[in-house]
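Okay, so here's the structure we're looking at.
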Amino acid sequence: MILAASVDIPILSDIVVILGLSIFVILLFRKLKVPPIIGFLITGIIAGPYGFQLIDATEGVKVFAEIGVILLLFIIGIEFSIKSLISIKRAVFIGGTVQVVGTILLVMLIALNTGFDLSAAIFLGFLFSLSSTAIVLKIIQDKGETTTPHGKTILAILIFQDIIVVPMMLFTPLLAGESQNIWMEILMMLLKAALLIAFVLVSARYIVPWLFYQIAKTRSKELFILVIVLICFSIAWLSSALGLSLALGAFLAGLIVSESEYSHQAASNILPFHELFTSFFFVSIGMLLDIFFVADHFFIIVGLMVATVLGKALIATIAGAFLGYPGRTSYRIGFSIFQVGEFAFILSTVGITYAVISDLTYQYFLSVSLFTMGITPFMMSISPKLADKLAASKLASAIGNKTQRMFFSFPDAPEEGGEIPEDELDKHIVIIGFGLNGQNVAKAAKSAGIPYVICEMNPDTIKKYKALGEPIHYGDAIQPEVLKGLGVYKAKVVVIAISDPLATKRIVTQIRTISNTIHIIVRTRFIAETEENLRLGADEVIPEEFETSVEIFTRVLNQYFIPQKKIKEFVRNVRADNYEMLRGVLKRSPMQKLTEEFPNLTTACYEIEKDNSEITDKPIAETNIRHKFGVTVIGLKRDDELTTQIGPETTPKKGDTIFVFGKPEDLEQFYEKISI
């Protein structure tokens, strides 16, 4: 039966309004290079009850928002892996603990001294300790800074926050003080959580892998998606039925899927739903902001925002220093995770439900959170300059160094900028950054007997290679004292192999202020960074982006049997022109010339299935295969023995596998002569 045309579905018009307005706002924000999340928040403010009141079915939007929360945590659970934590476990658990606990204590102290009770003070600490994973990681990825020291540490701290938000949700009902026997409540909560976790472990080990295997055998995409959604919502529902949170259940459901070999396909299938419903969540948060409240309390909100930015940035900077990073890196960490994030919104709804905080406090919290998220892209864009200025400040440097020595040290390593004995430094190599490239340079130098010294900022790397006897020292090479301590003025070559493009440029500049004769080799990630580094004083710039392309082209040309001399000429021309040839071909390039000289050539191998007097049982010099058939014999396999030494006396026989090179049509004609 077809539905009558007069049937009214209120939520449908709201969906059209939300999606249509979101597209317009996000397109505008995209041009301003503002993250889409902020666009969704603005959409909610415009369309919400405190804006133009374009939404009628607000409860329906809240349901969609709740689904968005479930899918958000489900995706995080899928992407979360215990194995992935191992490589950055120290930064996750130590850096994350310092940042979260430090922020909670700071907020608690302020709240208790401004009239809040202990439960509200602790809960406010929970809220303000969380940062925006979505916004910060998006900006870091767009800038290509995920592998930089500050990028890795930011990622680690955000992972810890994503983990700790679940215990915070479990602890929030206890802060409401509704139970007279809080210890019994804690025990029951732990028992329920243990029961759910046990079910998850059994499911992850036995039930889900078997189920996915059966579904995969059907090769039905629809069935696979249905099973993923079922797992997500059923465990979220089970968690809620046990008195725990929907979010916790969704996260655990994601963990179940993450442990299977089907996790990548599951994530790719659920991601479109996640993106859609998560957008409703952010829109619903924006709808909660009372713009009239903001107007009436504007200066208080701005004051609270400034206090939040400064307080969280300070704690995050301390976390960076606690991990042993120098001031500049620690400041960049602080200026990246100073905002209040999306998981705090989820947590705040729990606090409202249990009346841990008042509506007035909630409105202040929402206003401050949205303001801090709004300024995040702009703060992160200027954070390198702010970090450099603070790092250059004597007072800030002294405090940072004192903090590092207080909380972190590694044996037998000089202090930052410490001198290395003069007799160890003469025409040596200075290696800045000891990742894979730096390690390869050190291996080559060691095998050639060339002295070298290493400058690195990762404390774990320093500990590891110091124990192995490497001449590795802690320091931020941007600081001239560190460079002088490494003996740059006596070195012959400096190799800069770090992942931070801004720091690379600063280091090149600093080296040139010390020495105009030293040879500087820079490794960068992208070709766009080449010209600026050369302008600042680098002698050679090697971009990974196009060195990979050169290597691929080299191997491709080898497959076409292009002479090595031609290949080397091609590579030399590419590098001599600073890779301009690969950025855009404006004229006939050596690559084009090579392919024109050897058109339509390929190789083939055939089994000689029958005797042919023109080919078999006679030496190649006598049969003259190249002249008759237009193909060249390049290999012969007989009795599992392969020979590529083809000479005039080589004699093909029936049963041999023959390798030939030539045009496809000539190869086909040759094959007809030896096949049955």
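Bear in mind these aren't lab numbers, they're just calculated from the coordinates by the rules spelled out. Predicted model, so just to flag it, every value in this text is computed and none were measured. Neighbour counts run over all protein chains shown; Cβ positions are idealised from the backbone, glycine included.
Of the beta bridges in the chain, as assigned by DSSP with both residues counted there, near 40 percent are antiparallel.
Along its three principal directions, the equivalent ellipsoid of the range 201-348 from the Cα gyration tensor extends over semi-axes of 39, 22, 14 Å, largest first.
Summarising the label geometry, the points placed 7 Å from Cα in the beta-carbon direction at Tyr354 and Leu190 lie 1.7 nm from one another. Length gained on full extension, Thr146 to Glu607, computed as 0.36 nm times the residue gap minus the Cα-Cα distance: 160.8 nm. In plain terms, if you count all Cα to Cα distances in the range 602-674 and split them into 5 Å steps from zero, the share in each step is 3, 18, 32, 32, 14, 2 percent. Partners of Lys654 within straight-line reach, counting lysines whose Cα lies under 18 Å from its Cα and excluding those fewer than 8 residues away in the same chain: Lys610, Lys618, Lys637, Lys673. Evaluated with a Cβ-only charge set (Lys, Arg +1; Asp, Glu -1), the chain carries a dipole of roughly 1220 debye about its Cα centre, given to the nearest 20. Other residues whose C-beta falls under 13 angstrom from the C-beta of His627 contribute a net charge of -1, scoring Lys and Arg +1 and Asp and Glu -1. Subtracting the Cα-Cα distance of Ala392 and Thr517 from their residue separation scaled by 0.36 nm leaves 42.4 nm. With both residues required to sit in the range 422-538, DSSP beta bridges show an antiparallel share near 0%.
Modelled spin-label separation between Leu230 and Leu137, with each label point placed 7 Å from Cα along the Cα-to-Cβ direction: 2.9 nm. Length gained on full extension, Arg638 to Leu118, computed as 0.36 nm times the residue gap minus the Cα-Cα distance: 178.7 nm.
With the charge dipole of the range 602-674 set up from +1 on Lys and Arg Cβ and -1 on Asp and Glu Cβ about the Cα centre, the Cα lying farthest toward the positive end among the listed residues Ile674, Pro652, Ile620 is that of Ile620.
Counted over all Cα-Cα pairs of the range 453-507, pairs farther apart than 13 Å make up 61 percent. Since only Ala538, Ser263, Gly351 are under comparison, the one whose Cα sits farthest along the positive direction of the charge dipole of the chain, derived from C-beta charges on Lys, Arg, Asp and Glu, is Ala538. Taking the 0 to 90 degree range and rounding to the nearest ten, how far is the long axis of helix 544-559 tilted relative to the main principal axis of the chain, both from C-alpha atoms? Roughly 30 degrees, rounded to the nearest 10. When you count the other C-beta atoms within 10 angstrom of each residue and take the mean per peptide, 463-476, 336-349, 104-117 line up highest first as 336-349, 463-476, 104-117.
Across the options Tyr331, Leu366, Ile235, the greatest Cα extent toward the positive end of the charge dipole of the chain (unit charges at beta carbon of Lys, Arg, Asp, Glu) belongs to Tyr331. Charged side chains reduced to their Cβ positions (Lys and Arg at +1, Asp and Glu at -1) give the range 422-538 a dipole of some 220 debye around its Cα centre.
When you work out D = kT/(6 pi eta Rh) for the chain at 20 °C and 1.002 mPa s, using the Kirkwood radius from C-alpha pairs as Rh and the Stokes-Einstein form, the result is 71 µm²/s. Counting charges near Lys654 (Lys, Arg +1; Asp, Glu -1) among other residues having Cβ under 10 Å from its Cβ returns a value of -3. Highest-first packing order for the peptide set 428-435, 225-232 is 428-435, 225-232, based on the mean count of other beta carbon atoms within 10 Å.
Measure nothing but the geometry: give the 0 to 90° angle between the long axis through the Cα atoms of 96-112 and the longest principal axis through the Cα atoms of the chain, rounded to 10°. On a 0 to 90 degree scale, this one is about 20. The amide H of Arg525, built 1.01 Å from its N in the peptide plane, has Glu544 as neighbours under 5 Å, considering only residues 5 or more places off or on other chains.
Using a simple spin-label model with pseudo-atoms 7 Å out from Cα toward Cβ, Asp56 and Ile375 lie 4.0 nm apart. Where only DSSP H runs of four or more residues are counted, the chain gives -20500 deg cm²/dmol as its mean residue ellipticity at 222 nm, each run worth -39500 (n - 2.57). Taking every Cα-Cα distance in the range 16-101 and sorting them into 5 Å bins starting at zero, the pair-distance distribution P(r) comes out as 3, 12, 13, 15, 14, 13, 11, 11, 6, 2 percent. Taking a sphere under 11 Å around the Cβ of Glu614 and counting the other residues whose Cβ falls inside, with K and R at +1 and D and E at -1, yields a net charge of 0.
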